[in-house]
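A.B. asks: I have a structure here, written as structure tokens, and I will follow up with some questions on it.
The values are calculated or read from the model by the stated rules, or taken from the named source; none is laboratory data. Only a predicted model underlies this, so the values are computations on that prediction, with no experimental measurement involved. Note: ideal-geometry Cβ built from the backbone for every residue, glycine included; neighbour counts use all protein chains shown.
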Amino acid sequence: MRAVSDAGPLIHLSWIDQLRLLAHLSEEVNIPPSVRDEVLAAPAGTLGMDRIQQAFAEGWLQVRRLADPMPLTVAGTDALGRGEAEAMLLAEEFKADLLITDDALARADAMRRGLAVVGTVGVLTQARDEGFIHAALPLLLESRRLGEWISEALLRVVRENEMEQST
């Protein structure tokens with residue numbers, strides 16, 4: 001599977017030391033230059049930065065430029081941040097199997113464009129289902145504690161799903 005990600009999931013997964021799950025779940029993980037610039041702009045010592053830098057060094061997280069870097073307003077993505085817009089356009093151009101984003105507007109726009117989309121929650125639940133991690137809920141709660149916004153309703157769904165799986 002070939003995936004394209006924006007900054008949010010990279011940051012959130014790095015906070016909880018689960019960034020490597022992306023490499024386990026996808027053959028290729030690509031990001032546009034704006035996402036690379038965004039994640040690497042954090043000051044030294046930022047939580048998870050070492051894991052993101054390691055992913056680049058190991059080569060499984062790769063920067064891929066848009067072949068047609070048209071202005072975002074022309075592409076109809078002007079309501080999104082630059083990283084989200086470029087990631088979505090790259091996923092379309094690259095014919096990626098999956099766009100990984102936590103941004104609600106980007107997710108809605110991507111689905112309208114016919115792209116398959118998951119966020120941090122989807123990555124963790126897929127990793128659980130495929131046996132890479134035991135449970136997603138504790139990791140989601142930790143990510144939320146560290147600052148990721150995750151709704152109570154979504155946590156409840158994950159909790160109920162994991163309770164059903166354990167019985």
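A.B. asks: Taking the stretch 15-59 as the region of interest, how many residues are in contact (Cβ under 8 Å) with a residue 40 or more places away in the chain and either aromatic (F, W, Y) or in contact with a Gly (Cβ under 6 Å, 6 or more places away or on another chain) (or both)?
C.D. replies: Of the residues in that region, 4 qualify.
A.B. asks: Among the residues of the stretch 87-114, count how many are small (G, A, S), more than 20 Å from S151 (Cα to Cα) and free of Cβ contacts under 8 Å to residues at least 12 places away in the same chain.
C.D. replies: 1
Here's the yes/no breakdown for (1) in a helix (DSSP H, G or I); (2) of a type in the set (K, R); (3) surrounded by fewer than 17 Cβ atoms within 10 Å (Cβ to Cβ); (4) modelled with pLDDT under 95:
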residue: F56; (1), (2), (3), (4): yes, no, yes, no
residue: R65; (1), (2), (3), (4): no, yes, yes, yes
residue: V74; (1), (2), (3), (4): no, no, yes, yes
residue: G83; (1), (2), (3), (4): yes, no, no, yes
residue: M88; (1), (2), (3), (4): yes, no, no, yes
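A.B. asks: Moving on. Can you pull out the residues in the stretch 90-114 that are hydrophobic (A, V, I, L, M, F, W, C), under 13 Å from the mean Cα position of the chain (by Cα) and either closer than 16 Å to L80 by Cβ or in a loop (DSSP other than H, G, I, E, B) (or both)?
C.D. replies: Once the filter is applied, which keeps residues that are hydrophobic (A, V, I, L, M, F, W, C), under 13 Å from the mean Cα position of the chain (by Cα) and either closer than 16 Å to L80 by Cβ or in a loop (DSSP other than H, G, I, E, B) (or both), the stretch 90-114 yields A91, L99, I100, A104, A106.
A.B. asks: Which ones in the stretch 115-167 are part of a helix (DSSP H, G or I) and in contact with a strand residue (DSSP E or B) (Cβ under 9 Å, 6 or more places away or on another chain)?
C.D. replies: T120, G122, V123, T125, Q126
A.B. asks: Next question, about the same structure. So A42 passes all but one of these: (1) part of a loop (DSSP other than H, G, I, E, B); (2) crowded, with 21+ Cβ neighbours inside 10 Å. Which condition number does it fail?
C.D. replies: (2)
A.B. asks: Further question on the same structure: Any residue at all in the stretch 20-33 that is under 11 Å from the mean Cα position of the chain (by Cα) and within 16 Å of V121 (Cβ to Cβ)?
C.D. replies: yes
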